[in-house]
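The values are calculated or read from the model by the stated rules, or taken from the named source; none is laboratory data. What you see is a predicted model; the values in this text were computed from it and never measured. Reconstructed Cβ throughout: ideal geometry from the backbone, glycine too, with neighbour counts over all protein chains shown. These area figures cover heavy atoms from the full protein model, side chains too; ligands, DNA and RNA do not enter into them. Shrake-Rupley method; radii C 1.70, N 1.55, O 1.52, S 1.80 Å.
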Amino acid sequence: MPNNVPGRPLILPVGLEAVTPAEVAADRIIARLHQAGFSAYRVGGSVRDRLLGREPAEVDVATSAPPAQVRQLFPDSYAIGEAFGVILVHGFGGTDVEVATFRLESGYADGRHPAHVAFSDAATDASRRDFTINALFYDPLRREILDYVGGLDDLRRGLIRAIGEPAARFSEDFLRMLRAVRFAAQLGFRMDVATRQAIPALAKEIGRLSAERVFAELGKMLRGGAPGLAFRELAELGLLKLWLPEVAAMSGVEQPEQFHPEGDVWQHTVLMLETMRAPSLSLAWAVLLHDVGKPPTQEFRDGIPRFPCHAEVGAKISQTVLRRLKAPRWLIDQVGVQVRNHMTFKDVPEMRGSTLRRLIARETFADELELHRLDCLASHGSIDHYCFLLDRLRQYANEPVIPPPLITGKDVLSLGLAPGPAVGKLLHAVQELQLNGELTSREQALEWVRGMIG
Ligand code: ATP
Ligand code: MG
(Lines give C-alpha, C1' and ligand atoms only; values in the text may rest on other atoms or scores of the structure.)
(Ligands and ions follow the chains in the order given, each with its own letter.)
Protein backbone atom coordinates (compact mmCIF):
# COMPACT_ATOMS: atom_id res chain seq x y z
CA MET A 1 0.00 0.00 0.00
CA PRO A 2 1.36 3.49 -0.78
CA ASN A 3 2.66 5.13 2.29
CA ASN A 4 3.98 8.47 1.27
CA VAL A 5 1.31 10.02 -0.88
CA PRO A 6 0.87 13.46 0.66
CA GLY A 7 -2.54 13.84 2.18
CA ARG A 8 -3.51 10.18 1.66
CA PRO A 9 -3.11 8.07 4.75
CA LEU A 10 -2.38 4.41 5.03
CA ILE A 11 -5.57 3.06 6.58
CA LEU A 12 -5.43 -0.04 8.70
CA PRO A 13 -8.59 -1.78 9.86
CA VAL A 14 -7.55 -2.35 13.45
CA GLY A 15 -9.64 -2.03 16.58
CA LEU A 16 -7.88 -0.49 19.58
CA GLU A 17 -10.03 -1.20 22.61
CA ALA A 18 -10.69 1.61 25.03
CA VAL A 19 -9.33 0.25 28.29
CA THR A 20 -8.43 3.17 30.55
CA PRO A 21 -11.07 5.67 31.73
CA ALA A 22 -9.34 8.31 29.60
CA GLU A 23 -9.67 6.17 26.47
CA VAL A 24 -13.35 5.51 27.23
CA ALA A 25 -13.91 9.22 27.79
CA ALA A 26 -12.04 10.10 24.57
CA ASP A 27 -14.17 7.68 22.53
CA ARG A 28 -17.40 9.16 23.89
CA ILE A 29 -16.17 12.65 23.03
CA ILE A 30 -15.23 11.48 19.55
CA ALA A 31 -18.69 9.94 19.04
CA ARG A 32 -20.35 13.23 19.91
CA LEU A 33 -18.07 15.17 17.55
CA HIS A 34 -18.96 12.71 14.77
CA GLN A 35 -22.68 13.18 15.45
CA ALA A 36 -22.15 16.91 15.03
CA GLY A 37 -20.59 16.28 11.61
CA PHE A 38 -16.89 16.60 12.47
CA SER A 39 -14.07 14.13 12.14
CA ALA A 40 -12.20 13.25 15.33
CA TYR A 41 -9.53 10.80 16.42
CA ARG A 42 -7.48 9.57 19.32
CA VAL A 43 -4.00 10.76 18.45
CA GLY A 44 -0.34 10.78 19.48
CA GLY A 45 1.09 9.03 22.50
CA SER A 46 -2.09 7.18 23.42
CA VAL A 47 -2.32 5.43 20.03
CA ARG A 48 1.40 4.68 20.06
CA ASP A 49 1.27 3.24 23.58
CA ARG A 50 -1.87 1.18 22.98
CA LEU A 51 -0.28 -0.39 19.88
CA LEU A 52 2.81 -1.22 21.93
CA GLY A 53 0.66 -2.82 24.60
CA ARG A 54 1.37 -0.07 27.09
CA GLU A 55 -1.14 1.77 29.23
CA PRO A 56 -1.41 5.34 27.91
CA ALA A 57 -1.02 7.94 30.65
CA GLU A 58 -3.36 10.43 29.01
CA VAL A 59 -5.36 10.56 25.80
CA ASP A 60 -5.47 13.39 23.29
CA VAL A 61 -8.19 13.92 20.70
CA ALA A 62 -7.67 15.75 17.41
CA THR A 63 -10.68 17.06 15.51
CA SER A 64 -11.82 19.11 12.52
CA ALA A 65 -14.18 21.02 14.83
CA PRO A 66 -13.04 24.60 15.48
CA PRO A 67 -12.44 25.47 19.14
CA ALA A 68 -15.65 27.46 19.47
CA GLN A 69 -17.67 24.45 18.31
CA VAL A 70 -15.87 22.18 20.74
CA ARG A 71 -16.75 24.56 23.58
CA GLN A 72 -20.36 24.60 22.46
CA LEU A 73 -20.67 20.81 22.18
CA PHE A 74 -19.06 20.30 25.59
CA PRO A 75 -20.26 22.93 28.03
CA ASP A 76 -18.11 21.46 30.79
CA SER A 77 -14.84 22.47 29.15
CA TYR A 78 -12.34 25.25 29.09
CA ALA A 79 -9.66 26.54 26.78
CA ILE A 80 -6.11 25.73 27.89
CA GLY A 81 -4.33 26.89 24.77
CA GLU A 82 -6.74 29.25 23.08
CA ALA A 83 -4.30 30.23 20.33
CA PHE A 84 -3.58 26.57 19.64
CA GLY A 85 -7.22 25.52 19.74
CA VAL A 86 -6.73 23.17 22.68
CA ILE A 87 -9.79 22.60 24.85
CA LEU A 88 -9.88 20.53 28.01
CA VAL A 89 -13.14 18.57 28.17
CA HIS A 90 -14.35 17.53 31.62
CA GLY A 91 -16.71 15.04 33.00
CA PHE A 92 -16.66 12.19 30.52
CA GLY A 93 -15.95 9.18 32.71
CA GLY A 94 -14.29 11.32 35.33
CA THR A 95 -11.11 12.16 33.40
CA ASP A 96 -10.12 15.23 31.44
CA VAL A 97 -9.33 14.86 27.76
CA GLU A 98 -7.52 17.43 25.64
CA VAL A 99 -9.37 18.09 22.42
CA ALA A 100 -7.30 19.97 19.85
CA THR A 101 -8.39 21.31 16.48
CA PHE A 102 -6.25 20.08 13.55
CA ARG A 103 -3.59 22.71 13.06
CA LEU A 104 -0.50 23.84 11.25
CA GLU A 105 2.26 25.65 13.11
CA SER A 106 4.82 27.80 11.35
CA GLY A 107 7.39 30.55 11.68
CA TYR A 108 9.37 29.25 14.65
CA ALA A 109 11.83 32.13 14.86
CA ASP A 110 13.05 31.34 18.38
CA GLY A 111 13.22 27.55 18.26
CA ARG A 112 10.42 27.06 20.73
CA HIS A 113 7.27 29.02 19.83
CA PRO A 114 5.44 29.04 16.51
CA ALA A 115 4.68 32.54 15.21
CA HIS A 116 1.57 31.39 13.35
CA VAL A 117 -1.03 28.77 14.07
CA ALA A 118 -3.68 28.00 11.46
CA PHE A 119 -6.42 25.41 11.69
CA SER A 120 -6.06 22.67 9.14
CA ASP A 121 -6.85 19.05 8.28
CA ALA A 122 -5.68 15.71 9.67
CA ALA A 123 -2.83 15.30 7.16
CA THR A 124 -1.39 18.71 8.01
CA ASP A 125 -1.89 18.10 11.71
CA ALA A 126 0.10 14.85 11.39
CA SER A 127 2.95 16.65 9.64
CA ARG A 128 3.45 19.26 12.41
CA ARG A 129 3.99 16.54 15.05
CA ASP A 130 7.50 15.55 16.12
CA PHE A 131 8.07 11.85 15.36
CA THR A 132 6.34 9.43 13.03
CA ILE A 133 5.26 7.10 15.85
CA ASN A 134 3.60 10.08 17.58
CA ALA A 135 1.45 11.02 14.60
CA LEU A 136 -0.93 8.07 14.33
CA PHE A 137 -4.68 8.71 14.39
CA TYR A 138 -7.27 6.22 15.57
CA ASP A 139 -10.93 6.38 14.61
CA PRO A 140 -12.88 4.36 17.20
CA LEU A 141 -16.14 4.45 15.21
CA ARG A 142 -14.70 3.00 12.01
CA ARG A 143 -12.18 1.05 14.05
CA GLU A 144 -9.23 2.07 11.90
CA ILE A 145 -5.79 3.61 12.21
CA LEU A 146 -4.77 6.44 9.89
CA ASP A 147 -1.07 6.78 9.19
CA TYR A 148 0.04 9.80 7.15
CA VAL A 149 3.76 9.62 7.90
CA GLY A 150 4.92 6.00 7.99
CA GLY A 151 4.53 5.75 11.76
CA LEU A 152 3.32 2.15 11.74
CA ASP A 153 6.43 0.95 9.90
CA ASP A 154 8.64 2.78 12.37
CA LEU A 155 6.70 1.39 15.29
CA ARG A 156 7.28 -2.11 13.96
CA ARG A 157 10.99 -1.46 13.37
CA GLY A 158 11.45 0.31 16.67
CA LEU A 159 12.57 3.62 15.22
CA ILE A 160 12.32 7.22 16.37
CA ARG A 161 12.20 9.22 13.15
CA ALA A 162 11.55 12.93 12.77
CA ILE A 163 8.69 13.79 10.44
CA GLY A 164 10.26 15.63 7.51
CA GLU A 165 13.80 16.99 7.55
CA PRO A 166 15.28 16.36 11.03
CA ALA A 167 17.46 19.49 11.33
CA ALA A 168 14.58 21.71 10.21
CA ARG A 169 12.16 20.07 12.65
CA PHE A 170 14.62 20.29 15.55
CA SER A 171 15.26 23.94 14.72
CA GLU A 172 11.55 24.70 15.04
CA ASP A 173 11.55 23.40 18.60
CA PHE A 174 14.86 22.34 20.15
CA LEU A 175 13.07 20.39 22.86
CA ARG A 176 12.40 17.72 20.24
CA MET A 177 16.05 16.62 20.53
CA LEU A 178 15.51 15.81 24.21
CA ARG A 179 12.20 14.14 23.40
CA ALA A 180 13.91 11.95 20.79
CA VAL A 181 16.38 10.74 23.42
CA ARG A 182 13.59 10.12 25.94
CA PHE A 183 11.32 8.19 23.59
CA ALA A 184 14.19 6.03 22.32
CA ALA A 185 15.23 5.09 25.86
CA GLN A 186 11.73 4.74 27.26
CA LEU A 187 10.44 2.55 24.43
CA GLY A 188 13.69 0.63 23.84
CA PHE A 189 13.81 2.07 20.29
CA ARG A 190 16.72 3.24 18.16
CA MET A 191 16.91 6.64 16.54
CA ASP A 192 16.74 6.68 12.78
CA VAL A 193 20.25 7.48 11.48
CA ALA A 194 19.41 10.83 9.86
CA THR A 195 17.41 11.92 12.92
CA ARG A 196 20.28 11.09 15.27
CA GLN A 197 22.94 12.62 13.04
CA ALA A 198 21.16 15.97 13.03
CA ILE A 199 21.48 16.37 16.79
CA PRO A 200 25.17 17.09 17.63
CA ALA A 201 25.37 20.18 15.43
CA LEU A 202 22.21 21.63 17.02
CA ALA A 203 22.76 20.37 20.56
CA LYS A 204 23.97 23.65 22.04
CA GLU A 205 20.73 25.35 20.95
CA ILE A 206 18.83 23.67 23.80
CA GLY A 207 20.40 26.42 25.89
CA ARG A 208 17.71 28.68 24.40
CA LEU A 209 14.82 26.62 25.77
CA SER A 210 13.00 27.71 28.89
CA ALA A 211 14.28 26.17 32.11
CA GLU A 212 10.79 24.92 32.94
CA ARG A 213 10.44 22.87 29.74
CA VAL A 214 13.91 21.38 30.12
CA PHE A 215 13.29 20.54 33.77
CA ALA A 216 9.98 18.82 32.94
CA GLU A 217 11.56 16.83 30.12
CA LEU A 218 14.56 15.74 32.21
CA GLY A 219 12.15 14.68 34.96
CA LYS A 220 10.25 12.48 32.50
CA MET A 221 13.55 11.05 31.32
CA LEU A 222 14.64 10.28 34.87
CA ARG A 223 11.36 8.64 35.84
CA GLY A 224 10.59 6.93 32.54
CA GLY A 225 12.06 3.59 31.54
CA ALA A 226 15.84 3.30 31.03
CA PRO A 227 17.10 6.62 32.47
CA GLY A 228 20.68 5.29 32.43
CA LEU A 229 20.50 4.79 28.71
CA ALA A 230 18.87 8.19 28.21
CA PHE A 231 21.59 10.03 30.14
CA ARG A 232 24.40 8.16 28.38
CA GLU A 233 22.83 9.19 25.10
CA LEU A 234 22.48 12.82 26.24
CA ALA A 235 26.20 12.86 27.04
CA GLU A 236 27.14 11.24 23.76
CA LEU A 237 25.07 13.64 21.67
CA GLY A 238 26.40 16.74 23.45
CA LEU A 239 23.05 17.50 25.09
CA LEU A 240 24.13 17.01 28.70
CA LYS A 241 26.67 19.77 29.19
CA LEU A 242 24.39 22.69 28.41
CA TRP A 243 22.03 22.51 31.33
CA LEU A 244 23.99 20.06 33.49
CA PRO A 245 27.72 20.86 33.08
CA GLU A 246 28.39 19.70 36.65
CA VAL A 247 26.97 16.28 35.76
CA ALA A 248 28.89 16.11 32.48
CA ALA A 249 32.05 16.83 34.53
CA MET A 250 31.71 13.47 36.34
CA SER A 251 32.89 11.62 33.26
CA GLY A 252 36.50 10.46 33.57
CA VAL A 253 36.75 11.28 37.29
CA GLU A 254 38.63 8.29 38.62
CA GLN A 255 37.61 6.60 41.91
CA PRO A 256 39.43 4.16 44.22
CA GLU A 257 39.11 0.71 42.70
CA GLN A 258 38.70 -0.95 46.07
CA PHE A 259 35.30 0.69 46.66
CA HIS A 260 34.34 1.33 43.06
CA PRO A 261 35.20 -1.58 40.81
CA GLU A 262 32.52 -0.33 38.39
CA GLY A 263 34.59 2.62 37.15
CA ASP A 264 34.58 6.42 37.26
CA VAL A 265 31.99 8.70 38.88
CA TRP A 266 29.89 8.93 35.74
CA GLN A 267 29.84 5.15 35.20
CA HIS A 268 28.82 4.68 38.82
CA THR A 269 25.98 7.21 38.48
CA VAL A 270 24.70 5.69 35.23
CA LEU A 271 24.73 2.25 36.85
CA MET A 272 22.57 3.61 39.67
CA LEU A 273 20.17 5.14 37.15
CA GLU A 274 19.96 1.76 35.45
CA THR A 275 19.25 -0.05 38.71
CA MET A 276 16.63 2.42 39.97
CA ARG A 277 12.96 1.40 39.62
CA ALA A 278 9.88 3.65 39.79
CA PRO A 279 11.65 6.40 41.76
CA SER A 280 10.00 9.49 43.22
CA LEU A 281 11.07 12.67 41.42
CA SER A 282 13.28 13.68 44.31
CA LEU A 283 15.03 10.30 44.53
CA ALA A 284 15.65 10.33 40.78
CA TRP A 285 17.31 13.75 40.92
CA ALA A 286 19.25 12.73 44.03
CA VAL A 287 20.61 9.67 42.23
CA LEU A 288 21.74 11.81 39.31
CA LEU A 289 23.31 14.44 41.57
CA HIS A 290 24.51 12.52 44.65
CA ASP A 291 28.18 12.51 43.61
CA VAL A 292 28.19 15.83 41.77
CA GLY A 293 30.56 17.11 44.47
CA LYS A 294 33.25 14.60 43.50
CA PRO A 295 34.79 16.30 40.44
CA PRO A 296 35.61 19.56 42.28
CA THR A 297 36.85 17.86 45.47
CA GLN A 298 39.04 15.13 43.99
CA GLU A 299 42.54 14.90 45.41
CA PHE A 300 45.14 12.13 45.39
CA ARG A 301 46.86 10.65 48.43
CA ASP A 302 49.55 8.08 47.68
CA GLY A 303 48.16 7.93 44.17
CA ILE A 304 44.66 7.02 45.42
CA PRO A 305 41.78 9.41 44.66
CA ARG A 306 39.83 10.86 47.59
CA PHE A 307 36.90 13.26 47.73
CA PRO A 308 36.91 15.10 51.07
CA CYS A 309 33.57 16.76 51.92
CA HIS A 310 32.10 15.83 48.56
CA ALA A 311 28.63 15.29 50.03
CA GLU A 312 28.49 18.79 51.51
CA VAL A 313 29.94 20.38 48.37
CA GLY A 314 27.62 18.24 46.24
CA ALA A 315 24.54 19.38 48.17
CA LYS A 316 25.37 22.99 47.33
CA ILE A 317 26.01 22.18 43.66
CA SER A 318 22.73 20.21 43.47
CA GLN A 319 20.89 23.24 44.68
CA THR A 320 22.60 25.47 42.12
CA VAL A 321 21.71 23.01 39.35
CA LEU A 322 18.07 22.70 40.39
CA ARG A 323 17.66 26.44 40.85
CA ARG A 324 19.00 26.97 37.34
CA LEU A 325 16.30 24.59 36.11
CA LYS A 326 13.68 26.50 38.14
CA ALA A 327 12.77 23.34 40.05
CA PRO A 328 10.19 23.78 42.82
CA ARG A 329 11.47 24.74 46.26
CA TRP A 330 10.46 21.46 47.93
CA LEU A 331 12.47 19.47 45.39
CA ILE A 332 15.57 21.64 45.78
CA ASP A 333 15.35 21.13 49.56
CA GLN A 334 14.72 17.38 49.46
CA VAL A 335 17.49 16.67 46.97
CA GLY A 336 19.85 18.85 49.04
CA VAL A 337 19.11 16.80 52.17
CA GLN A 338 19.62 13.51 50.35
CA VAL A 339 22.90 14.53 48.75
CA ARG A 340 24.25 16.10 51.96
CA ASN A 341 23.55 12.98 54.04
CA HIS A 342 24.28 10.16 51.64
CA MET A 343 27.73 9.42 53.10
CA THR A 344 26.47 9.18 56.69
CA PHE A 345 24.86 5.82 55.87
CA LYS A 346 28.26 4.19 56.02
CA ASP A 347 28.31 4.99 59.75
CA VAL A 348 24.86 3.72 60.79
CA PRO A 349 26.00 0.71 62.88
CA GLU A 350 28.14 3.02 65.02
CA MET A 351 25.50 5.73 65.41
CA ARG A 352 24.04 6.62 68.77
CA GLY A 353 20.37 5.66 69.18
CA SER A 354 19.32 9.29 69.14
CA THR A 355 21.16 10.05 65.87
CA LEU A 356 19.69 6.95 64.25
CA ARG A 357 16.16 7.81 65.36
CA ARG A 358 16.51 11.35 64.01
CA LEU A 359 17.81 9.94 60.70
CA ILE A 360 14.87 7.55 60.39
CA ALA A 361 12.37 10.24 61.37
CA ARG A 362 13.47 12.51 58.52
CA GLU A 363 10.81 13.23 55.89
CA THR A 364 13.21 12.11 53.14
CA PHE A 365 14.25 8.87 54.88
CA ALA A 366 12.51 6.43 52.49
CA ASP A 367 14.24 8.06 49.51
CA GLU A 368 17.56 8.31 51.37
CA LEU A 369 17.45 4.62 52.23
CA GLU A 370 16.82 3.70 48.61
CA LEU A 371 19.55 6.09 47.44
CA HIS A 372 21.94 4.31 49.80
CA ARG A 373 20.89 0.86 48.54
CA LEU A 374 21.39 1.89 44.92
CA ASP A 375 24.75 3.48 45.81
CA CYS A 376 25.92 0.16 47.32
CA LEU A 377 24.58 -2.01 44.52
CA ALA A 378 26.33 0.15 41.93
CA SER A 379 29.70 -0.10 43.71
CA HIS A 380 30.93 -2.68 46.27
CA GLY A 381 27.60 -4.56 46.27
CA SER A 382 27.21 -5.02 50.03
CA ILE A 383 23.84 -3.97 51.45
CA ASP A 384 24.71 -4.71 55.10
CA HIS A 385 23.87 -1.23 56.32
CA TYR A 386 20.63 -1.20 54.39
CA CYS A 387 19.62 -4.46 56.13
CA PHE A 388 20.74 -3.05 59.48
CA LEU A 389 18.37 -0.12 58.94
CA LEU A 390 15.52 -2.43 57.96
CA ASP A 391 16.02 -4.28 61.26
CA ARG A 392 15.83 -1.00 63.11
CA LEU A 393 12.69 -0.04 61.24
CA ARG A 394 11.12 -3.34 62.30
CA GLN A 395 12.09 -2.60 65.86
CA TYR A 396 10.39 0.80 65.71
CA ALA A 397 7.30 -0.57 63.98
CA ASN A 398 5.18 -0.51 67.16
CA GLU A 399 6.45 2.71 68.72
CA PRO A 400 6.96 6.24 67.52
CA VAL A 401 10.50 6.75 66.18
CA ILE A 402 10.59 10.05 68.08
CA PRO A 403 8.52 9.34 71.24
CA PRO A 404 6.65 12.11 73.06
CA PRO A 405 8.93 13.99 75.50
CA LEU A 406 9.14 12.64 79.06
CA ILE A 407 8.95 16.14 80.58
CA THR A 408 8.05 19.67 79.51
CA GLY A 409 9.40 23.17 80.08
CA LYS A 410 6.84 23.62 82.83
CA ASP A 411 8.34 20.68 84.72
CA VAL A 412 11.81 22.18 84.51
CA LEU A 413 10.56 25.57 85.75
CA SER A 414 8.66 23.94 88.62
CA LEU A 415 11.97 22.46 89.76
CA GLY A 416 13.23 25.98 90.33
CA LEU A 417 15.16 26.85 87.16
CA ALA A 418 14.70 30.45 85.98
CA PRO A 419 13.20 30.90 82.48
CA GLY A 420 15.86 31.28 79.81
CA PRO A 421 17.89 29.38 77.20
CA ALA A 422 19.09 26.88 79.82
CA VAL A 423 15.55 25.39 79.92
CA GLY A 424 15.64 24.48 76.24
CA LYS A 425 19.14 23.05 76.56
CA LEU A 426 18.09 20.83 79.45
CA LEU A 427 15.01 19.61 77.58
CA HIS A 428 17.15 18.81 74.55
CA ALA A 429 19.59 16.88 76.74
CA VAL A 430 16.69 14.92 78.28
CA GLN A 431 15.36 14.07 74.83
CA GLU A 432 18.82 12.92 73.74
CA LEU A 433 19.03 10.56 76.72
CA GLN A 434 15.47 9.38 76.07
CA LEU A 435 16.21 8.58 72.40
CA ASN A 436 19.34 6.72 73.49
CA GLY A 437 17.25 4.66 75.92
CA GLU A 438 19.10 6.04 78.95
CA LEU A 439 16.00 7.70 80.45
CA THR A 440 12.77 5.77 80.17
CA SER A 441 10.28 7.37 82.56
CA ARG A 442 9.09 10.79 83.64
CA GLU A 443 10.35 10.15 87.19
CA GLN A 444 13.84 9.27 85.94
CA ALA A 445 13.86 12.39 83.77
CA LEU A 446 12.81 14.68 86.67
CA GLU A 447 15.44 13.07 88.88
CA TRP A 448 18.12 13.67 86.27
CA VAL A 449 17.11 17.34 85.90
CA ARG A 450 17.16 17.80 89.70
CA GLY A 451 20.70 16.44 89.70
CA MET A 452 21.73 18.85 86.94
CA ILE A 453 20.24 21.90 88.64
CA GLY A 454 21.89 20.69 91.81
P1 ATP B 1 4.09 10.97 26.73
O2 ATP B 1 2.88 11.74 27.19
O3 ATP B 1 4.07 9.53 27.01
O4 ATP B 1 5.35 11.62 27.09
P5 ATP B 1 3.17 11.79 24.14
O6 ATP B 1 3.50 11.34 22.76
O7 ATP B 1 1.75 11.72 24.56
O8 ATP B 1 4.12 11.01 25.12
P9 ATP B 1 2.96 14.58 24.77
O10 ATP B 1 4.04 15.51 25.19
O11 ATP B 1 1.88 14.26 25.72
O12 ATP B 1 3.70 13.27 24.27
O13 ATP B 1 2.37 15.20 23.43
C14 ATP B 1 1.25 14.64 22.74
C15 ATP B 1 1.50 14.65 21.24
O16 ATP B 1 1.71 15.99 20.79
C17 ATP B 1 2.75 13.90 20.82
O18 ATP B 1 2.49 12.52 20.63
C19 ATP B 1 3.13 14.60 19.54
O20 ATP B 1 2.33 14.15 18.47
C21 ATP B 1 2.75 16.04 19.81
N22 ATP B 1 3.87 16.82 20.38
C23 ATP B 1 4.15 17.03 21.67
N24 ATP B 1 5.22 17.82 21.85
C25 ATP B 1 5.64 18.14 20.61
C26 ATP B 1 6.70 18.95 20.11
N27 ATP B 1 7.55 19.56 20.94
N28 ATP B 1 6.81 19.06 18.77
C29 ATP B 1 5.94 18.45 17.93
N30 ATP B 1 4.94 17.67 18.34
C31 ATP B 1 4.77 17.51 19.67
MG1 MG C 1 1.04 12.42 26.36
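Among the residues of region 386-394, is there at least one that is out of contact with any strand residue (DSSP E or B) (no Cβ under 8 Å at 6 or more places or on another chain), open to solvent by 30 Å² or more (accessible area, probe 1.4 Å) and touching a residue at least 60 places away in the same chain (Cβ under 8 Å)? So far as region 386-394 goes, no, none of its residues is out of contact with any strand residue (DSSP E or B) (no Cβ under 8 Å at 6 or more places or on another chain), open to solvent by 30 Å² or more (accessible area, probe 1.4 Å) and touching a residue at least 60 places away in the same chain (Cβ under 8 Å). Might you check whether a residue that is at pLDDT below 95, surrounded by 14 or more Cβ atoms within 10 Å (Cβ to Cβ) and either of a type in the set (S, T, Y) or under 24 Å from D291 (Cβ atoms) (or both) occurs anywhere in region 426-442? Within region 426-442, not a single residue is at pLDDT below 95, surrounded by 14 or more Cβ atoms within 10 Å (Cβ to Cβ) and either of a type in the set (S, T, Y) or under 24 Å from D291 (Cβ atoms) (or both).
Of all residues in region 206-231, those being within 17 Å of A185 (Cβ to Cβ), among the aliphatic types (A, V, I, L, M) and surrounded by fewer than 18 Cβ atoms within 10 Å (Cβ to Cβ) number 1. Residues in region 336-358 that are under 25 Å from the mean Cα position of the chain (by Cα) and open to solvent by 10 Å² or more (accessible area, probe 1.4 Å): V337, R340, N341, H342, M343. Restricting region 47-80 to residues that are assigned to a strand (DSSP E or B) and closer than 18 Å to S120 by Cα, the residue that is nearest to ligand 1 (Cβ to nearest atom) is D60. Being of a type outside the set (F, W, Y), open to solvent by less than 30 Å² (accessible area, probe 1.4 Å) and without any contact (Cβ under 8 Å) to a residue 40 or more places away in the chain is a property that holds for A315.
Among the residues of region 321-335, those that are of a type outside the set (F, W, Y), open to solvent by 30 Å² or more (accessible area, probe 1.4 Å) and farther than 14 Å from L288 by Cα comprise R323, R324, K326, P328, R329, D333.
Do you know which of the residues in region 176-197 that are of a type in the set (A, V, I, L, M) and crowded, with 21+ Cβ neighbours inside 10 Å is farthest from ligand 1 (Cβ to nearest atom)? It comes out as M191. Condition first: touching a residue at least 24 places away in the same chain (Cβ under 8 Å), out of contact with any strand residue (DSSP E or B) (no Cβ under 9 Å at 6 or more places or on another chain) and not small (G, A, S). Can you find one or more residues in region 144-162 that meet it? No - not one qualifying residue is present in region 144-162. Mind listing whichever residues of region 27-82 are open to solvent by 10 Å² or more (accessible area, probe 1.4 Å), under 12 Å from T101 (Cα atoms) and away from ligand 2 (no atom under 16 Å from the Cβ)? Across region 27-82, the qualifying residues are F38, S39, S64, P66, P67, A68, Q69, R71, A79, E82.
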